[in-house]
Structures are given as structure tokens and as C-alpha cells.
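Worksheet: one structure, shown below.
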Amino acid sequence: MKIVDRNDRWPSLTVPLRTDMTRRQFFIGATACGLIASNRALALDHSDPTSGFVLGPGPAGRCDDYKIGVPVPLLDRDGRSLRMWYYCRSNDFSKVFAPTLSSGRVALAESDDGRCWRRFKGPLAGESVFEPSVEPQDFDSGHLGITDITFAHGKYWMWYFGGNAVTADTRFGQIPGLAMLPGLAHSPNGVDWTRVRGAARGGALLDPQPGDIFASWINGVWDGDRMLMWYTGLNGQMDRFTTYLAASTDGMTWDPLGTVSIKGPERDFDGMGMMTRHVMANPFGPGPRWFMLYTALDGREDRNLQRSVVAATSDDGLVWTRLYDEPIFVHAAPGHWDGEGVAAPRLVIRGDEMLLYYTGIPEQDAPDTLPKGIGLAVATGRDLRGFRRHVA
């Protein structure tokens, strides 16, 4: 396992988001292509129960033929086409590790318009581009999942989480693979990856905070002098998600900076905390330095863990202010593929439109015929409350 040289300090992350790939083998998978449909929060009853859906499980034998997790799209150098990494699990992947999650391997897809996606034939098992370590003692030898990616210094940098046979003590008992830790890897082309071995257990970047069962769902941003990393912790009772911030100058050793907080009163829609997020330099003109979309977990008993997308800004990355008193994007009407929640938001600004990619969550009793995977909403201009679900 290769290690990044400590003298190779983090460069600026404002470099165009593309280097040429050495492998360009694609095939057309199941896609959803078409027009933009309207959406307004909970009350709208979509005529199409699959509105928003753009990428689901792949054909039999692929790494993503069972289920798909978090999407991580990036614009290419031309400013129009995109590549999207996502974590996924195949039908033949072990069911032992964190069985409720979709993490397993990482796959890649490409799109010319952000709506229709071609699956990339990667060099690893099931045509993936990144997979668990073969060393049992490594933190990511059981399963893994990508949650952020940046391009800098001629390389792609992948932020991911992973778990192994170590169990997490929860109120539901011991769960193998749930004691997840954060990792980092780099690649010249977004396909062939080299792990960065961190200072924590099994080569991870850091250990969980005291009382938490994992440190997972990571985001990384360069602030000019150091790399900032946000990550999620979950307490042993599994009733509160917390986001923390750490910093590093070499990518291997990390200093804690504190716990992320939201100014103002706690709202019902994020009463159980923040699960995943997308942090970036604020793209909306003068104002606070950082912009974030986060997955808010509802704390109300009748909406427990219902997920929505909330927008916030911050100057220091620790204390955030919501832009609105309500989420900017919520689940669809009952009976739709994302009728229970929308999560893992990723914002791409492409010309005069904004593309919001997300993971949809159906209701527990939703028909098995409804697809499961990645969704898309689109807004014209810079209206964060104007997102409409894409419809094939």
C-alpha cells in the first residue's frame, strides 16, 4: 500500500476537474432522460412515481447490480459533461458488513448532459474502480463507500469511509462493519487509485469521537493552507448524528477543530442532526466563505429519520447559519421512489442551471417495483428553492 509523501503538501483545489482517463470503455445502462417536471414540497402528487430518478442498479454481474449509495458528480474541463462516482453493492457481495447500507465498492459513470448516464467498465471486480483492501487488518477490508472527490495537483482525491470485521456496539447489538472510519486515496485519472495510509487504526485518517460508534461520510475542502475534513459521528444509542471538523497539512495526521453547530433554534426537520453534507467555497457571490447542503434528519416521532435537504453558510466551517427556515428540497408524495426522504445532496452548477443529485428513500411499504438509486432535481438561475425533479 503506497503512502503519500509528507512533503507533498495540499495544493489549491481550484484546478479544472478533469484529466484524461486511460480507460474509456463504457456501455449504456438503464437511464432516465427527458424534460424537467415541477415539484413543490410534500403536497405535490407527481403523476410519475419515478420522477427525478436517473441511475439505478446495473445489470447482473456488475458491482452495482444490488443497490446504489451516495452520488459524487464532478463537471469535466469542458464545463458541460460530467463524471459521477458512487458507492454500490452487488448481489454477491458479503451481507455480513453493515447489511443495511449500500456500501461495498465504488463505481463510475459519465454523462454528456447530467441526465443520461453511461456506466464505466472499471478494471476491478464487477467493473468497479475502487474496492475493499485485501489486508484483513485494514479498516476498509470489509466494505467501503465514497462521499467526496476533488481534483488538485494533477490528481483526483477520493474521500471515503470503510469498515471491517470490527463490530460496533449499538442498542440493536453488535454489528460487524459499522465501526466505520474515514480514508483517502488519490488517482491520476479517477480510475486507478492509491490509498493514503493514515495514522489511525488500520490506516484510517482518524478514530471516532468518544462515545461514537463510527466516523464516516466525509467531505474534504482546501482552505488555502490546509485540508478541512467534515465527518459524521453516531452515538451508541443511534439517536443522534453529529458532524465534526478536522484539519491536516499532509492528509495523514489530523487535528480536531470542533463540533459543527447550526445557529438559531433547533428545527423539527433536523432534530436528529446532520447525516451527510456537501461543502464547497460559496459560489453565490459576496457573503460567508463556505456553502453547504446537508441531509437533515427529522426528530419527530411520526417522521423519525425522514430526510430532507437544507442549505447553510459559514465563515469558519464550524458555526453555520441556515439560509431558510425550511428545507430547500424534500421527499415526493407517498408512493414514489423517493416518497420517504431525499439524502446525500450534491450540487453541480452548470452554466445557467443548478443540478442537485441525491439518494432517494422510498416508504417502507413501497412496492418492490419502484426503482432505488440516484435522483436529480434542476433549478434555473441561482434560486435554491426552485429545484424541480427531472422527468424522463
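What follows draws every value from the coordinates through simple rules; no lab data is involved. Here the structure is a predicted model, which is why all the values come from computation and not from measurement. When we count neighbours, we look across all protein chains shown, and the Cβ atoms used for this are built from the backbone with ideal geometry, even at glycine.
A few comments on the model shown:
- Look at the dipole of the stretch 256-392 built from charges on Cβ: of Pro327, Phe269, Leu305, the Cα furthest out on the positive end belongs to Pro327.
- Computed across the stretch 114-175, the Kirkwood hydrodynamic radius from all distinct Cα-Cα pairs reaches 14.2 Å.
- Highest-MSF residue in the chain out of Asp268, Asp250, Asp302 [GNM, Cα springs under 10 Å]: Asp302
- The string of couplings for the stretch 191-200 from the Karplus curve (6.51, -1.76, 1.60, θ = phi - 60°) is 10, 9, 10, 10, 6, 9, 8, x, 8, 8 Hz, one whole number per residue in order, with x for Gly and Pro.
- Estimated from the Cβ-Cβ distance and a Förster radius of 22 angstrom, the FRET efficiency linking Glu326 and Asp302 is about 0.80.
- The candidate values were (1) 25, 46, 25, 4, 0; (2) 29, 57, 13, 1; (3) 30, 64, 7; the one computed from these coordinates for P(r) over Cα pairs in 20 Å bins from 0, in percent carries the label (3).
- Ranking Gly173, Trp290, Trp157 by Cα position along the charge dipole of the stretch 151-292, where only Lys, Arg, Asp and Glu carry charges on their C-beta atoms, puts Trp157 farthest toward the positive end.
- Highest-fluctuation residue, Gly285, Gly341, Gly126 considered, GNM on the chain with Cα pairs under 10 Å: Gly285
- In this calculation the C-beta distance from Asp48 to Glu135 is compared with R0 = 41 Å, giving a FRET efficiency of 0.35.
- For Asp112 and Asp169, a Förster radius of 56 Å and the Cβ-Cβ distance give a FRET efficiency of 0.75, rounded to the nearest 0.05.
- Among beta bridges from DSSP that stay inside the chain, the antiparallel ones total about 95%.
- Here the Kirkwood formula, the inverse mean of 1/r across different C-alpha pairs, assigns the stretch 167-265 a hydrodynamic radius of 14.6 Å.
- If you take the alpha carbon atoms of the stretch 102-150 and fit the smallest convex hull around them, that volume is 109 Å³ per residue.
- Mean Cα-pair separation over length for the chain, i.e. relative contact order, pairs under 8 Å, 6 or more apart, %: 17
- For the chain, the dipole from Cβ point charges (+1 on Lys and Arg, -1 on Asp and Glu) about the Cα centre works out to 740 debye, to the nearest 20.
- Spatially near lysine pairs across the chain, Cα under 27 Å, sequence gap of 8 or more or different chains: 9
- GNM remark for the chain: springs join alpha carbons under 10 Å apart, and the peak mean-square fluctuation among Ser102, Ser248, Ser47 falls on Ser47.
- DSSP bridge orientation in the stretch 212-367 - percent antiparallel, rounded to nearest 5: 90
- For Trp117, nonlocal amide neighbours, meaning residues 5 or more places apart or on other chains whose placed amide H falls under 5 Å from its own, are Ala32.
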